[in-house]
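This report concerns only the one structure given below.
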Amino acid sequence: MTAQNVERCIGPRPNLRPLFRLQREVAEDGYVLLSPQGVIRLNPSAGEILSRCDGTRELDEIIGELEAMFNASDLATDVYRFIEHARQRGWVE
């Protein structure tokens, strides 16, 4: 999965769909995604990615922020895969 393929499906600035609300769970040190169907518990990486899907950041910006946050490089493929997964589930547009 490349940036161009993901952008073709969801656009250059991923955005959480209005049916969903991302919520930080301090007690559990993580995120949950709230939807009309229920609660989806996210792993820390997924929560950090979705927290940046607000329609204001381009994929490259999201990747750069995550690489700085996790002191890592080459996260692009993982982020593209997750964004595609979230798109298929209807979480982002």
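A few points about this structure:
- Contact map, the range 4-25: first residue closer than 11 Å to residue 59 by Cα and among the charged types (D, E, K, R), second residue surrounded by fewer than 11 Cβ atoms within 10 Å (Cβ to Cβ) and modelled with pLDDT of 90 or more, Cβ cut-off under 9 Å, separation 6 or more or different chains; pairs are 13/56.
- Scanning the range 51-82 for residues that are more than 18 Å from residue 23 (Cα to Cα) and either in contact (Cβ under 8 Å) with a residue 60 or more places away in the chain or among the charged types (D, E, K, R) (or both) yields a total of 12.
- Qualifying residue in the range 47-58 (condition: open to solvent by less than 30 Å² (accessible area, probe 1.4 Å), among the aliphatic types (A, V, I, L, M) and at pLDDT 95 or above): yes
- Taken over the range 33-46, the criterion of being without any contact (Cβ under 8 Å) to a residue 24 or more places away in the chain, under 13 Å from the mean Cα position of the chain (by Cα) and surrounded by 15 or more Cβ atoms within 10 Å (Cβ to Cβ) is satisfied by 42 alone.
The values are calculated or read from the model by the stated rules, or taken from the named source; none is laboratory data. The model shown is predicted, which means the values in this text are computed figures rather than measured ones. Note: ideal-geometry Cβ built from the backbone for every residue, glycine included; neighbour counts use all protein chains shown. Heavy atoms of the whole protein, side chains included, go into the accessibility calculation; ligands, DNA and RNA do not. Shrake-Rupley method; radii C 1.70, N 1.55, O 1.52, S 1.80 Å.
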